[in-house]
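This report concerns only the one structure given below.
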């Protein structure tokens, strides 16, 4: 487990941008953390690192935002409004969560993982964000599977 302390939204974005250098098709990044911990900031940096086009915003109501035109397709999911795996599958999001053809970043990943093992999925980076202060965030992450 790696822990990174970010002291600003810019530092959080820079971490995401650095992760883009590691990105491969099928990579799934699961984000956990309370509202306002910087999940979308991390995705903004990843998108910038992947040279994705379009303005990055939380897909809370759209459920998924797709960013093309970069080095890899980027799929940004937000499961906040869905409570169960069945709702996630019913919303048509399962293809993004099992071996995507680009990089998938999932806010509120615990809603997908609850009650089911992640077997058969692509390379996954599990990330937890925690607020330490007004601008300070603790970002802990580890890679699971390949």
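The values are calculated or read from the model by the stated rules, or taken from the named source; none is laboratory data. As the structure is a computational prediction, the values presented were derived from the model and not from experiment. Note that each Cβ is placed from the backbone with ideal geometry, even for glycine, and that neighbours are counted across all protein chains shown.
Sort through 71, 40, 104 and tell me the only one that's more than 12 Å from the chain's Cα centre (by Cα) and surrounded by 13 or more Cβ atoms within 10 Å (Cβ to Cβ).
Working: 40 fails: more than 12 Å from the chain's Cα centre (by Cα); 104 fails: more than 12 Å from the chain's Cα centre (by Cα).
Answer to the check: 71.
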Out of 33, 26, 38, report the one residue that is out of contact with any helix residue (DSSP H, G or I) (no Cβ under 9 Å at 6 or more places or on another chain) and in contact (Cβ under 8 Å) with a residue 40 or more places away in the chain. 26
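Yes or no, residue by residue, for (1) touching a strand residue (DSSP E or B) at 6+ places or on another chain (Cβ under 8 Å); (2) over 18 Å from residue 111 (Cβ atoms):
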position: 1; (1), (2): yes, yes
position: 13; (1), (2): no, yes
position: 23; (1), (2): yes, yes
position: 40; (1), (2): yes, no
position: 44; (1), (2): no, yes
position: 48; (1), (2): no, yes
If residue 112 meets every condition in (1) at pLDDT 90 or above; (2) in contact with a helix residue (DSSP H, G or I) (Cβ under 9 Å, 6 or more places away or on another chain); (3) assigned to a helix (DSSP H, G or I) apart from one, which number is that one? (1)
